[in-house]
Amino acid sequence: MTENRIGGRIDAVVHMSFAVLMVASGVRYVMRHSPADNLWTVVLAAMVCVLYAVTAVLAQHRQPWIPWMFALVAAWSALVIAAPSFAWCSFALFFLSRTAFRGWAAYVAGGATAAATAVGLFRMSGGSDVAMLLGPLAAGALLTLIYDKIERDAALQRRLVDEVTEAQDRLAASERAAGVAAERERVSREIHDTVTQGLASSLLLLEAAQRSWPDAGAQDEVRKAGILLRQNLADTRSLVHELSAPGLETGPLPEALEQAAQQYLDGVRLQITGEPRPVPGEVRHALLRVTQSAAANIKLHAGTTRASLTLGYLPDAVTLDVFDDGRGFDPAAVPAPSERGGYGLRAMRQRVEQLGGVFSVESSPGEGTIIAAQLPLPPSPPLPVSLADHPEANAQETP
């Protein structure tokens, strides 16, 4: 759009220059020649003006105008040879011809304009001034080189702009694809840490109730399964609306972690080290999901219902250790994720590492398991120094 506006302004300047030079040249010619000589020259000049105006209008409206340009160059050549006073108008005609034609046709039209001007000026000098002959030819060659350079630079600039635009489009497309992939991965972790784990635990409870039915303990297993299923229904609704765990995203962090673990385990012991302080929302959310996923894994695989949580506050980080005394496993032998499961540890690790944290698993068969996560925290703001704490505050003035 900017390039079109600049081109339109240049065309307007060229057309205005042609009109001014034609009027000035016509006045000069009429004043220096007799009325008998003026008639046919003025008629030819008027014809050139009409052809120029028609060509300029057709060019502006993108209509077929090349035949009109040929007629204009021919009429102009006749006019400038017959009346060299109009030679100054050749500059505007040169630029118009370069706009009309491309390739060899542009060089022919420009060369014809320069040659006609040279012949007219050389004729006006009585054939004695060689500079009148060579000047227009040299000026035409120089203008041709300059115009070619401008066209090459403009073409290069357009090509670079197109390449940059294409690169930006590809980058935007890749960013959208990466965003979609990241969002799918995030949603899969949310579903795994809430709905999938809860449904698996509910299934275990129902299977245990089925095996012990109709004993009294079966009713307790069914009751626990119902609680988990209701919780999973709430989690599913929360994922649809805001992808957060209801009841866990507010309140103190230690109590929320303990509540998240108690959804799957009966015996949960919580220990806090360091000075508790608020943590960012994304860190809190990651700790909650790690706790839920770890507790669900303990329920499904460890063969125990007891676990201990240790929440530690460091100067620049917060740590979470989830320990169980179950059957343990070999972390190096964990199968790859599949339709049967295997996403828990990978999802926990991704959550922590995406926030710049460190995730580790320590376990061996028969020795229990420790899942550890450390997430960085922004530095705490410095405490305000009260006037009473300043060493000079208690100094008293002696008389």
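The values are calculated or read from the model by the stated rules, or taken from the named source; none is laboratory data. For clarity, every value in this text was computed on a predicted model and none was experimentally measured. All Cβ positions, glycine included, derive from the backbone under ideal geometry; neighbour counts span all protein chains shown. Surface accessibility is based on the protein's heavy atoms, side chains included, excluding ligands, DNA and RNA. Shrake-Rupley method; radii C 1.70, N 1.55, O 1.52, S 1.80 Å.
Do we find that Ala216 is open to solvent by 50 Å² or more (accessible area, probe 1.4 Å) and at pLDDT below 75 in this structure? Step through it out loud before you land on a result.
Working: open to solvent by 50 Å² or more (accessible area, probe 1.4 Å): yes; at pLDDT below 75: yes.
Yes: the conditions hold for Ala216.
Just for the range 331-353: of the residues that are among the small types (Gly, Ala, Ser) and assigned to a loop (DSSP other than H, G, I, E, B), which one is modelled with the highest pLDDT?
Applying the first criterion (among the small types (Gly, Ala, Ser)) to the range 331-353 yields 332-333, 336, 338, 341-342, 344, 347.
Now narrow it down to the ones that are assigned to a loop (DSSP other than H, G, I, E, B): 336, 342.
Details: Ala336: 67, Gly342: 61.
Filtering the range 331-353 for residues that are among the small types (Gly, Ala, Ser) and assigned to a loop (DSSP other than H, G, I, E, B), the one modelled with the highest pLDDT comes out as Ala336.
Quick check: anything in the range 159-182 among the charged types (D, E, K, R) and either open to solvent by less than 80 Å² (accessible area, probe 1.4 Å) or not in a helix (DSSP H, G or I) (or both)?
Within the range 159-182 (the criterion being among the charged types (D, E, K, R) and either open to solvent by less than 80 Å² (accessible area, probe 1.4 Å) or not in a helix (DSSP H, G or I) (or both)), the answer is no, since none of the residues qualifies.
Scanning the range 35-62 for residues that are closer than 14 Å to Ala82 by Cα and among the polar types (S, T, N, Q), which turns out modelled with the highest pLDDT?
Only one residue tops the list, namely Thr41.
Does Trp68 count as exposed (fewer than 14 other Cβ atoms within 10 Å of the Cβ), in a helix (DSSP H, G or I), aromatic (Phe, Trp, Tyr) and modelled with pLDDT of 75 or more? Walk me through it before giving the result.
On the way: exposed (fewer than 14 other Cβ atoms within 10 Å of the Cβ): no; in a helix (DSSP H, G or I): yes; aromatic (Phe, Trp, Tyr): yes; modelled with pLDDT of 75 or more: yes.
The answer is no for Trp68.
Give the residue, chosen from Gly366, Gly328, Gly356, that is open to solvent by 50 Å² or more (accessible area, probe 1.4 Å) and either over 22 Å from Pro254 (Cα atoms) or part of a helix (DSSP H, G or I) (or both).
On the way: Gly328 fails: open to solvent by 50 Å² or more (accessible area, probe 1.4 Å); Gly356 fails: either over 22 Å from Pro254 (Cα atoms) or part of a helix (DSSP H, G or I) (or both).
The conditions single out Gly366.
Being assigned to a helix (DSSP H, G or I) and surrounded by fewer than 16 Cβ atoms within 10 Å (Cβ to Cβ) is the filter here, so list the residues in the range 125-140 that pass it. Can you show your working first?
Step one: of the range 125-140, the residues assigned to a helix (DSSP H, G or I) are 130-140.
Within the range 125-140, Val130, Ala131, Leu134, Leu137, Ala138 meet the criteria.
For Arg186, work out the one condition from (1) among the basic types (Lys, Arg); (2) open to solvent by less than 80 Å² (accessible area, probe 1.4 Å); (3) modelled with pLDDT of 75 or more it doesn't fulfil.
(3)
Of (1) open to solvent by less than 20 Å² (accessible area, probe 1.4 Å); (2) under 13 Å from Gln374 (Cβ atoms); (3) in a strand (DSSP E or B), Thr319 satisfies all except one. Which?
(1)
Which residues, taken from the range 21-55, are in contact with a helix residue (DSSP H, G or I) (Cβ under 8 Å, 6 or more places away or on another chain) and of a type in the set (S, T, N, Q)?
Ser25, Asn38, Thr41, Thr55
Taking Thr117 as the residue in question, decide whether it is touching an Asp or Glu at 6+ places or on another chain (Cβ under 9 Å), polar (S, T, N, Q), in a helix (DSSP H, G or I) and closer than 21 Å to His15 by Cβ. Give the derivation first.
Details: touching an Asp or Glu at 6+ places or on another chain (Cβ under 9 Å): no; polar (S, T, N, Q): yes; in a helix (DSSP H, G or I): yes; closer than 21 Å to His15 by Cβ: yes.
So Thr117 does not fit the description; no.
Can you tell me which residues in the range 83-111 are touching a helix residue (DSSP H, G or I) at 6+ places or on another chain (Cβ under 6 Å), farther than 11 Å from Met69 by Cβ and hydrophobic (A, V, I, L, M, F, W, C)?
From the range 83-111, those touching a helix residue (DSSP H, G or I) at 6+ places or on another chain (Cβ under 6 Å) are 83-90, 92-95, 97-98, 100-101, 106, 109-110; that's our starting set.
Then drop every residue that is not farther than 11 Å from Met69 by Cβ, which leaves 83-90, 92, 94-95, 110.
Ala83, Phe86, Ala87, Trp88, Cys89, Ala92, Phe94, Phe95, listed by residue number.
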